[in-house]
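The structure appears right after this line, and notes come after that.
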Amino acid sequence: MILVLLFSLLLVGFGAAEDCSTSGGGKATDLVLTGTDDDKAVAFMKWLMVYPFEALDGKPMNREQAAGVAGNVMQESGFNPSAVNSIGASGLFQWLGGRKTGLEQFAATAGTSWDDATTQMLWLAQELATSHNDVAEAMLASSPKTPREWAKFWDDEFEISGNDQIEQRMDNADHFYTLDIAGLPTCDGTNPTVGLDGWTSPAAPGTAASSEYGERDGRLHAGIDLPAGCGSPIFAAQAGTVRIAGSYAGYGNAVVIDHTDGVSTLYGHMPWGALRVSQGEEVAAGQQIGEEGDTGRSYGCHLHFEIHIIGAPIDPRPFMAERGIDFGPLAPNH
């Protein structure tokens, strides 16, 4: 009965739409591993980057962590949930002994098979919350790491392989980190669609503006405000390089991304501790970079979104409309 209840709770991440503030900005789906190794790595990393791990304070893993874990799984099983090696180690993470028995019991109680990929990921979440909670606690307490460093951490603390092929695990992590992870699910289960010229909405699809670009209270309001709700995911509007990630004047906790042709985008008012990118990081269009918050000069949770061309702000609405991004009807103040 206890395991049945546990599995039901873990499956919350696969059910109806969730509150983004508790889900870490996403809703996990069944893990399907098909195609090339890179295709499988992307699907695997997306799962880690949206599932609300109880052991990680209800948050998903960040991109660097997900790449580090994926680098290990590639070496362990080649992303094959049915893999069984010569000594009986099984599954994506090559569970053995009592850990393998635990997986089998977990699957049997849930009415699934031990070699089901989604079941194995939920078993991973359960291990991090119980027998391997020390790993989760170390992840929460850790300073930022590169994908290579997370690959080494995961091998040392979770896989405990004795550094078997550690350089290959770290090389895998570096490579997987560069893959296009665009299209992470939002809290209503939809995906940000990357459209013309590689642009996508910086807020959850369907979010309507609450305040426009233009004069407001005697000064230029240099962007557009998009309130999807506290904790809702914020996405990179186009691929680029993070120039600023942190406290930034009246924008509070903010991110600035440089794109091509002198274009840059700014994302303001995110909660402290909610950024998912760091300065100098390369990001993909549609990659989650943070969450909506209320830091800086803000009237409530929202995304303040600006577009600059060669350093000068422009109205984001017509620019994005030309690229297929609709911010709904004009806000009442314009």
Qualifying positions in segment 230-247 - closer than 19 Å to Thr200 by Cβ and touching a helix residue (DSSP H, G or I) at 6+ places or on another chain (Cβ under 8 Å): Ser232, Pro233, Ala237, Gln238, Ala239
Among (1) out of contact with any helix residue (DSSP H, G or I) (no Cβ under 6 Å at 6 or more places or on another chain); (2) modelled with pLDDT under 95; (3) on the phi < 0 side of the Ramachandran plot, the one test that Gly111 misses: (3)
Where a residue in segment 306-334 is closer than 12 Å to Ser264 by Cα and at pLDDT 90 or above and its partner, wherever it lies, is small (Gly, Ala, Ser) and surrounded by fewer than 15 Cβ atoms within 10 Å (Cβ to Cβ), with Cβ under 7 Å and at least six apart: Ile309/Gly262; Ile310/Gly262
Near pairs, Cβ below 9 angstrom, 6+ apart or cross-chain, from segment 58-72 (farther than 17 Å from Asp180 by Cα and in contact (Cβ under 8 Å) with a residue 24 or more places away in the chain) to any residue that is among the polar types (S, T, N, Q) and surrounded by fewer than 24 Cβ atoms within 10 Å (Cβ to Cβ): Gly58/Ser21; Gly58/Thr22; Asn72/Ser161
Unmet criterion (only one of (1) open to solvent by 10 Å² or more (accessible area, probe 1.4 Å); (2) within 19 Å of the chain's Cα centre (by Cα)) for Leu122: (1)
Candidate set from segment 228-245 (those that are in contact with a Leu (Cβ under 9 Å, 6 or more places away or on another chain) and among the small types (Gly, Ala, Ser)); member that is least open to solvent (accessible area, probe 1.4 Å): Ser232
Close pairs from segment 88-100: first within 13 Å of Ala117 (Cβ to Cβ), partner open to solvent by 10 Å² or more (accessible area, probe 1.4 Å) and among the aromatic types (Phe, Trp, Tyr), Cβ under 9 Å, at least 6 apart: Ser90/Trp114; Gly91/Trp114; Gly91/Trp123; Phe93/Trp123
Members of segment 228-275 found to be over 19 Å from the mean Cα position of the chain (by Cα) and under 11 Å from Ile289 (Cβ atoms), listed by number: Thr265
Unique match (being open to solvent by 50 Å² or more (accessible area, probe 1.4 Å), at pLDDT 90 or above, of a type in the set (Asp, Glu) and within 23 Å of the chain's Cα centre (by Cα)) among Asp171, Asp225: Asp171
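Counting just the residues of segment 33-50 that are over 20 Å from Trp114 (Cα atoms) and open to solvent by less than 20 Å² (accessible area, probe 1.4 Å), which one comes out modelled with the highest pLDDT?
Per the stated criteria, the residue is Ala41.
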Residue match in segment 223-240 (condition: within 24 Å of Leu330 (Cα to Cα) and acidic (Asp, Glu)): yes
Tally, over segment 267-288, of residues that are crowded, with 24+ Cβ neighbours inside 10 Å and within 22 Å of Ser211 (Cβ to Cβ): 4
Selection from segment 189-211 of residues that are out of contact with any Lys or Arg (no Cβ under 7 Å at 6 or more places or on another chain), farther than 29 Å from Val73 by Cβ and at pLDDT below 80: Pro205, Gly206
Qualifying positions in segment 65-78 - within 16 Å of Val32 (Cβ to Cβ) and surrounded by 23 or more Cβ atoms within 10 Å (Cβ to Cβ): Ala70, Val73
Selection within segment 101-119 - hydrophobic (A, V, I, L, M, F, W, C), closer than 21 Å to Val50 by Cβ and surrounded by fewer than 18 Cβ atoms within 10 Å (Cβ to Cβ): none
Matching residues, segment 136-151, being touching a residue at least 40 places away in the same chain (Cβ under 8 Å) and either over 30 Å from Gly280 (Cβ atoms) or open to solvent by less than 70 Å² (accessible area, probe 1.4 Å) (or both): Ala136, Met139, Lys145, Thr146, Pro147, Arg148, Trp150, Ala151
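Any residue in segment 246-257 that is small (Gly, Ala, Ser) and over 27 Å from Gly214 (Cβ atoms)?
Yes: segment 246-257 contains one or more residues that are small (Gly, Ala, Ser) and over 27 Å from Gly214 (Cβ atoms).
The values are calculated or read from the model by the stated rules, or taken from the named source; none is laboratory data. All of these numbers come straight from a predicted model, not from anything done at the bench. Cβ coordinates were reconstructed from backbone atoms using ideal geometry, including for glycine residues, and neighbour counts include every protein chain displayed. Accessible surface areas use protein heavy atoms only, side chains included; no ligands, DNA or RNA. Shrake-Rupley method; radii C 1.70, N 1.55, O 1.52, S 1.80 Å.
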